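Taking it in order: structure first as structure tokens, then the write-up.
The values are calculated or read from the model by the stated rules, or taken from the named source; none is laboratory data. All of these numbers come straight from a predicted model, not from anything done at the bench. Here Cβ is always computed from backbone atoms with ideal geometry, including for glycine, and neighbour counts include all displayed protein chains. Just the protein is used for accessible areas: all its heavy atoms, side chains included, with ligands, DNA and RNA removed. Shrake-Rupley method; radii C 1.70, N 1.55, O 1.52, S 1.80 Å.
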Amino acid sequence: MVVRPYNDELKYLEKINDHCWRIKKGFQPNMNVEGCFYVNERLERLMLEELKNSCRPGAVGGFLPGVKQIANVAALPGIVGRSIGLPDIHSGYGFAIGNMAAFDMDNPLSVVSPGGVGFDINCGVRLLRTNLYERDVQPVKEQLAQSLFDHIPVGVGSKGIIPMNARDLEEALEMGMDWSLREGYVWAEDKEHCEEYGRMLNADPAKVSMRAKKRGLPQLGTLGAGNHYAEIQVVDEIYDKWSASKMGIEEKGQVVVMIHSGSRGFGHQVATDALVQMEKAMKRDKIETNDRQLACARINSVEGQDYLKAMAAAANFAWVNRSSMTFLTRQAFAKMFNTTPDDLDMHVIYDVSHNIAKVENHMVDGKEKKLLVHRKGSTRAFPPHHPLIPVDYQLTGQPVLVGGTMGTCSYVLTGTEQGMHETFGSTCHGAGRALSRAKSRRNLDYKEVLEKLEQTGIAIRVASPKLVMEEAPESYKDVTDVVDTCHAAGISRKCIKMRPIAVIKG
Amino acid sequence: MIKLKLESLGHPTPSDVALSNRKEFASTILWLEDQKIRLYTIEDREKLRNIDNLNIWEEGYTKYCADLNMPPLESQCEQLTWILGHAMRLEFLDDPGLYESINSKQSQPQGNNKQQPGVQQNVQTIFDGKINVQEKEFIAGVRLLASKLKIPHHPNHLVQLEAVARVVHERLSPAAKNRQPIVGTPFPFDKGNDVVSPNDPVLDYPMRVLRLLQIQSLRQLQTQINETIVSVQNLTANPKTDTKLGKVGR
């Protein structure tokens, strides 16, 4: 890493407009393309402060600042367009979380990097609507939260209540949501309203290690820990009435359920296994990167292909996982209100993936190109009339589900044409961490955090309360800042805002 | 569009044809007959020449429309569009070779000689060969049906027949009549987030309509897919849970 005084570093950064900064070549060595990031005034301060801190003499260890990570990604072979940082960006393993980068599939030197997908492969958000209103749910929210908590096991080391054997798992890895459909856990319409229709076709369970499968098997249908949660939310604000009505959201006060989860230990193991393989491949193919964490392999190499197939299997695992929790949520609601999920109109509005690499066609310099798009902590946001979004959303653009921090608020955005041009159809994914986990544990007290939530009238069920301060709103950026920046920059449009009334958490 | 068509036919003042003025309309029709269509001999055009006496002209025009075999069209604009289209077709048929170079690539190979006028079209039949679709009686039947159902005219009666079939299927079939009326808030089609062509309403409107039709057929396809999945689920689905397996983490 180049170490320069802060003021020298600033010379490589240029503010293009109110919401976008450019990172010029030379900020980090060997940059193939420029970088950029989207921020508003407050997020800009956080971003630059992080850079400033890393420039202090004697600052060593820990993650590189987000800006530096964007620039390092811009130095990877085969990258096209720009290396893009979304407003919720924060440091991660190799790639920052909230960084998207696209690689030209026709360039034999192009790479795929597990760091660009993240450890929680196909972590994502699913939103279920109901025809209930706040007045129906408020009186029973404690029981409902408990019922959800009983149905969906949470926390580190939790085990699911859907019986599965090794053969079931193999099939689920290959079939994704089609497995859940075949077994009858979900509805046909759920598949229609899921990114990629809930199944990556190139998945190959044979490329997944035994260890990953062993870790994954008992965890299916569990929420996990960390920032994952299931929330009962209430529609708080509708910005775009017509798009909201297309999603079945008619009025303020309508109750929805948000599930934020991923591929659990399975995806983590797939990523870990791949990193080991890729270090070997880098040596063999003489691939040089600025950061050891940016382990990668050529897309067409054996290691690259193996990773993509295993990653697809992990993505399928995550979809089956979210589908299983959809089933359990419907059961919990149906029991509570003594009716059927059908009568509660519990349809999936949409299901987004925010940690994934996918092959997509985009326009680059006026030409259509096949790209491998890495989105880590970034959500796909395709515009109206894109062939890959469901027919119901052809007029509105793809729904983008942005989960906020525990106890704050969440948003639904829609994709735009401008986002397609500027960010390869990508936008933010959540609030984005502001304090590291360790720092939050040191600075905050878990009792205070829980009390605060209670005061705001949110029912909460937590498996490991002593870790709850890691997820306290204070540890995160303000999701409203993040979403407003995306809206103002035009890379997605605000549609609906929701606030939680009950939370269950790992 | 009318302006473009007039321009291509060499009308001296294509931009100045005001449709609201009946007299101007009459003179445009006369110009088309004089210069392009030439259905009548010069002497027979006498009545159409009475632009200054619109009563006589209207009489001549009614007969002229009938002689042109123009379908019953209501507005002046529709009539002019149809006559312009007719004139252009005649102009094209005078020397199709002239326009060969601007044909699209796909139609060129077959377009060389086969598409020349006068070449017998393949005889198409329906209902196991019992009805020849090019027979006059059949064509007249289709036209009559279309006019009863208020379906706009199309030069190819088979295309019109398809439209008839669609209207019957969507609106008049027993299944359609018994269909529940659609409930919910309608989505105004000009309120979507999609940008079509905001500065050009002439392009914007039909584009939106076409896209809606495309979305409708996609929706039908997706519904069929969903129905198929559900029918398979009836055979395979057996969701199980076992709460004994559950374990909440630390």
So A:Gly457 ticks every box in (1) buried (at least 18 other Cβ atoms within 10 Å of the Cβ); (2) in a loop (DSSP other than H, G, I, E, B) but one. Which box is left unticked? (1)
Give me the residue from region A:384-404 that is within 20 Å of the chain's Cα centre (by Cα) and at the interface with chain B (Cβ under 8 Å from one of its Cβ atoms) and, out of that set, surrounded by the fewest Cβ atoms within 10 Å (Cβ to Cβ). A:Pro390
Looking only at region B:32-50, which residues are in contact (Cβ under 8 Å) with a residue 12 or more places away in the chain, within 20 Å of B:His11 (Cα to Cα) and assigned to a helix (DSSP H, G or I)? B:Leu32, B:Glu33, B:Gln35, B:Lys36, B:Ile37, B:Arg45, B:Leu48, B:Arg49
Go through region A:406-428 and count every residue that is outside any strand (DSSP E or B) and open to solvent by less than 10 Å² (accessible area, probe 1.4 Å). 5
For region A:91-105, indicate whether the set of residues that are charged (D, E, K, R) and touching a helix residue (DSSP H, G or I) at 6+ places or on another chain (Cβ under 9 Å) is non-empty. no
Picking from B:Gly10, B:Gly60, which residue would you name as being touching a helix residue (DSSP H, G or I) at 6+ places or on another chain (Cβ under 9 Å), within 27 Å of B:Arg143 (Cα to Cα) and small (Gly, Ala, Ser)? B:Gly60
Selection count where residues are surrounded by 19 or more Cβ atoms within 10 Å (Cβ to Cβ) and polar (S, T, N, Q), scope region A:278-310: 3
Of (1) open to solvent by 10 Å² or more (accessible area, probe 1.4 Å); (2) touching a His at 6+ places or on another chain (Cβ under 6 Å), A:Asn107 satisfies every one except (2)
Step by step: first the residues of region A:76-104, then only those that are of a type in the set (A, V, I, L, M) and open to solvent by 10 Å² or more (accessible area, probe 1.4 Å), then the one that is nearest to A:Glu422 (Cα to Cα). Which residue is that? A:Val80
Elements of type helices (runs of 4 or more DSSP H) in region B:147-250, at least 1 residues being open to solvent by 90 Å² or more (accessible area, probe 1.4 Å) and within 14 Å of chain A (Cβ to nearest Cβ): B:201-236
Quick check: is even one residue across region B:21-31 within 23 Å of the chain's Cα centre (by Cα), closer than 22 Å to B:Asp94 by Cβ and assigned to a helix (DSSP H, G or I)? yes
Would you be able to say whether some residue in region A:232-239 is assigned by the TED database to the domain that holds A:Gln398 and closer than 28 Å to B:Asp242 by Cβ? yes
Scan region A:140-176 for residues that are in contact (Cβ under 8 Å) with a residue 60 or more places away in the chain, within 11 Å of another protein chain (Cβ to nearest Cβ) and either open to solvent by 20 Å² or more (accessible area, probe 1.4 Å) or assigned to a helix (DSSP H, G or I) (or both) and report the count. 5
Could you give every pair whose Cβ atoms fall below 9 Å, whose first residue belongs to region A:480-501 and is within 14 Å of another protein chain (Cβ to nearest Cβ) and under 21 Å from A:Ile458 (Cβ atoms), and whose second residue is open to solvent by 40 Å² or more (accessible area, probe 1.4 Å) and modelled with pLDDT of 95 or more, counting only separations of at least 6 or pairs across chains? A:Ile496/A:Asp236; A:Ile496/A:Glu237; A:Ile496/A:Ile238; A:Ile496/A:Tyr239
Looking at region A:32-59, I want the residues that are outside the structural domain of A:Leu10 (by the TED database) and have a partner that is at pLDDT below 95 and open to solvent by less than 20 Å² (accessible area, probe 1.4 Å) with Cβ atoms under 6 Å, at least 6 apart or on another chain. Which pairs are those? none
Matching residues in region A:460-488 - criterion: being surrounded by fewer than 23 Cβ atoms within 10 Å (Cβ to Cβ), more than 24 Å from A:Arg437 (Cα to Cα) and touching a Pro at 6+ places or on another chain (Cβ under 9 Å): A:Asp484
Across region A:332-383, what is the number of residues that are part of a loop (DSSP other than H, G, I, E, B) and surrounded by 17 or more Cβ atoms within 10 Å (Cβ to Cβ)? 10
Would it be correct to say that A:Ala225 is at negative phi, surrounded by fewer than 24 Cβ atoms within 10 Å (Cβ to Cβ) and not in a strand (DSSP E or B)? yes
Spot the failing condition for A:Lys191; the list is (1) surrounded by 20 or more Cβ atoms within 10 Å (Cβ to Cβ); (2) part of a helix (DSSP H, G or I); (3) touching a residue at least 40 places away in the same chain (Cβ under 8 Å); (4) within 8 Å of chain B (Cβ to nearest Cβ), and only one is missed. (3)
Kindly check whether there is at least one residue in region A:91-100 that is at pLDDT below 95, among the aromatic types (Phe, Trp, Tyr) and touching a Gly at 6+ places or on another chain (Cβ under 6 Å). yes
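Here's the yes/no breakdown for (1) open to solvent by less than 70 Å² (accessible area, probe 1.4 Å); (2) in a helix (DSSP H, G or I); (3) in contact with an Asp or Glu (Cβ under 9 Å, 6 or more places away or on another chain); (4) among the small types (Gly, Ala, Ser):
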site: B:Glu59; (1), (2), (3), (4): no, yes, no, no
site: B:Asp67; (1), (2), (3), (4): yes, yes, no, no
site: B:Glu74; (1), (2), (3), (4): no, no, no, no
site: B:Glu78; (1), (2), (3), (4): no, yes, no, no
site: B:Trp82; (1), (2), (3), (4): yes, yes, no, no
site: B:Met88; (1), (2), (3), (4): yes, yes, no, no
